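Before I ask anything, here is the structure I am working with.
The values are calculated or read from the model by the stated rules, or taken from the named source; none is laboratory data. Predicted, not measured: the structure shown is a model, and the values here were computed from it. Cβ atoms come from the backbone with ideal geometry, glycine included; neighbour counts cover every protein chain shown.
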Amino acid sequence: MANPLYNKHVISISDLTRSDMELVVATAQRLKAEPDTRLLKDKLVASCFFEASTRTRLSFETAVQRLGGNIIGFADGGNTSAKKGETLADSINIIGSYSDAVVMRHPKEGAARLASEFSRVPVINGGDGSNQHPTQTLLDLFSIHETQGKLDGLNVAFVGDLKYGRTVHSLAQALSLFNCRFFFISPEALAMPDYLCEELEEKGIQFSVHETMEEVMPELDILYMTRVQKERFDETEYKHMAAKFVLELATLEGAKPSMKILHPLPRVDEIEVAVDKTPHAYYFQQAENGVYARQALLALVLNETV
Ligand code: CP
C-alpha cells in the first residue's frame, strides 16, 4: 500500500493528520541517522521562490541533491515571466510539466493552494504570505521530538509576532493534535488571530495570554521565539515593544534544564547572542534539521514506499 503522503500536495499543515506528521518525523529521524543517496534518483524537483528565502530554499535544494535527485528553479520571481504578466496558474501548469514536484514560496496568501489546482504534480508550500509554512512546522516537530523525546503534552510558549507569523500559526495547529498547552506572549497588536484561538477552544486545547516571558518560564518545555517586525510600529512604539520581547540571559532564570529555545530564523535582535551558548539554544540545530525533515517529506511524496 502507498504511504499516505504519496503524490499529495502539502499546502497547509491542516492537510496532514497526526499520523502523517509522525511518519515524517520518524522518516526524518531515520534519514538523519542513516543517510540515503538514492531515494530521489531520477526525480526532478522545481524550486520556485517568488519571495526571499535562505533556509527554506537552500535546505530543500540540499535535501533533493543529497537524496540523489535533480533540481531546477529560481530564487527570484522577478526574473521569470511573471514579470511579463504571466499568471501563476499558467506558470505552474508549465513548471509541473517539467518536474516531478514543485516547491514554492510566494508573498500572497493562498498562492500555493491556487498553484495546486493547476499543477499536474504535487505542490509543496514553502510559505505563502502570512498564511502557512507547513514544512517549517515539520522541521519544528522533528526538532521538538528530538529534544523532548515526544510531542504529546508539552508546554509551549509562542513569543513575538503571533498575528503575521505564519510559522506560529502552522505549529500551533499541528501541536493541537498532540494535546500541548500554549502560552501566547505578544504585543496586543500582534496577538494570535481570533480564528486560531477559536479553533483551539473548539478542540479543547488549553491556552493563555501573557505579557512577559518571565511569568511562564519555569513551566516551559519549548520557547518558540519570533521576530517583532519593525515596520508594523512607529519608532518609539517599536523600541518599547522590542525591549519587552527580547530574550536575554536573565530572562532564562528558572527555566527547566531541558527547556529548548526554537526560532524559525532569521533572527534580528530578539535573542541576545549570549543566549546562543546556553544549553537551551536549539535554533541553529533546528535550521539544520530542515534538511532531514524536507528530505523525509520529498521522499514520501515522491515514492509509494520509503
Ligand atoms: N524559516 C524560514 O522560512 O527561513 P527563510 O525565510 O530563510 O526560508
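Give me the residue from region 16-62 that is crowded, with 19+ Cβ neighbours inside 10 Å and of a type in the set (Val, Ile, Thr) and, out of that set, nearest to the ligand (Cβ to nearest atom).
Looking at residues that are crowded, with 19+ Cβ neighbours inside 10 Å and of a type in the set (Val, Ile, Thr), I get 56.
Just give me the residues in region 146-193 being closer than 30 Å to residue 237 by Cβ and without any contact (Cβ under 8 Å) to a residue 12 or more places away in the chain, in sequence order.
Matches in region 146-193: 188 only.
How many residues does region 1-51 contain that are among the polar types (S, T, N, Q), assigned to a loop (DSSP other than H, G, I, E, B) and in contact with a Gly (Cβ under 9 Å, 6 or more places away or on another chain)?
Number of matching residues: 1.
Counting only residues that are of a type outside the set (A, V, I, L, M) and in contact with a His (Cβ under 7 Å, 6 or more places away or on another chain), which one in region 234-290 is nearest to the ligand (Cβ to nearest atom)?
Among those that are of a type outside the set (A, V, I, L, M) and in contact with a His (Cβ under 7 Å, 6 or more places away or on another chain), it is 283.
Which of the numbered conditions does residue 114 fail, given that it passes all the others? Conditions: (1) touching a helix residue (DSSP H, G or I) at 6+ places or on another chain (Cβ under 8 Å); (2) not polar (S, T, N, Q); (3) not in a helix (DSSP H, G or I).
Single failed check for residue 114: (3).
Identify the single condition in (1) modelled with pLDDT under 95; (2) buried (at least 24 other Cβ atoms within 10 Å of the Cβ); (3) away from the ligand (no atom under 16 Å from the Cβ) that residue 160 does not satisfy, given that it satisfies every other one.
Here residue 160 meets the rest and fails (3).
Which members of region 63-88 meet the condition of being more than 13 Å from the ligand (Cβ to nearest atom) and part of a loop (DSSP other than H, G, I, E, B)?
67, 68, 69, 76, 80, 85, 86, 87
Considering only residues that are charged (D, E, K, R) and part of a helix (DSSP H, G or I), which ones fall in region 240-296?
Of everything in region 240-296, those that are charged (D, E, K, R) and part of a helix (DSSP H, G or I) turn out to be 244, 276, 277, 288, 294.
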